[in-house]
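The values are calculated or read from the model by the stated rules, or taken from the named source; none is laboratory data. A quick note: this is a predicted structure, and the numbers were derived from the prediction, not measured. Cβ sites come from the backbone with ideal geometry, for glycine too, and all protein chains shown count toward neighbours.
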């Protein structure tokens, strides 16, 4: 199956009935649509946290609609400490994720050593499908950008990893950098 034949993130999210869980494990991302905002934050320490801004509105609307139809959205991040600039930037913007309806937790990497983790960041939908995100070494999108897996063993690995990280994770409001 080619990537064009696979469902993408928005289609999988639209089909979710109970849960959408996101596990992020990188300390640096370099995706192009965040570049200007990240550079501004590094220069000024100011992060766009207006959920109605052009930057955030598409995500806030998507999450709000998803949560309104009963889907729990959780995001967990495994981070090295001290955190990188990029993780500081993510932390500064997480209030918007929470405003939209996501629950966010942070797990210091040193507390994840005994957790079996997949090799890539992922989204887990209803414990039936996993969308793995592919990034290059510098944190930009790699080709293919994602792959969808539905084999029970792969779904179970992702679900077990996410739940272990979530259980140990520190709620956003208690995690300081």
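Some notes on this structure:
- Condition met for residue 71 (touching a helix residue (DSSP H, G or I) at 6+ places or on another chain (Cβ under 6 Å), surrounded by 15 or more Cβ atoms within 10 Å (Cβ to Cβ) and modelled with pLDDT of 95 or more): no
- Top-ranked residue of the range 62-92 - restricted to ones that are in contact with a strand residue (DSSP E or B) (Cβ under 8 Å, 6 or more places away or on another chain) and either assigned to a helix (DSSP H, G or I) or without any contact (Cβ under 8 Å) to a residue 12 or more places away in the chain (or both), ranked as nearest to residue 52 (Cα to Cα): 63
- The lone criterion from (1) at pLDDT 95 or above; (2) assigned to a helix (DSSP H, G or I); (3) over 20 Å from residue 131 (Cα atoms) left unmet by residue 34 is number (1).
- Subset of the range 93-134 [part of a loop (DSSP other than H, G, I, E, B), touching a strand residue (DSSP E or B) at 6+ places or on another chain (Cβ under 8 Å) and within 18 Å of residue 81 (Cα to Cα)]: 112
- If you check 144, 118 for being surrounded by fewer than 16 Cβ atoms within 10 Å (Cβ to Cβ), over 17 Å from residue 66 (Cα atoms) and in contact with a helix residue (DSSP H, G or I) (Cβ under 7 Å, 6 or more places away or on another chain), only one passes: 144.
- Qualifying residue in the range 151-158 (condition: touching a strand residue (DSSP E or B) at 6+ places or on another chain (Cβ under 9 Å), closer than 14 Å to residue 24 by Cα, buried (at least 18 other Cβ atoms within 10 Å of the Cβ) and modelled with pLDDT of 95 or more): yes
- Complete set of residues in the range 142-177 that are assigned to a strand (DSSP E or B) and farther than 21 Å from residue 80 by Cα: 142, 143, 144, 145, 146, 147, 148, 149
- Scanning the range 21-49 for residues that are over 19 Å from the mean Cα position of the chain (by Cα) and either touching a residue at least 40 places away in the same chain (Cβ under 8 Å) or surrounded by 13 or more Cβ atoms within 10 Å (Cβ to Cβ) (or both) gives 40, 41, 42.
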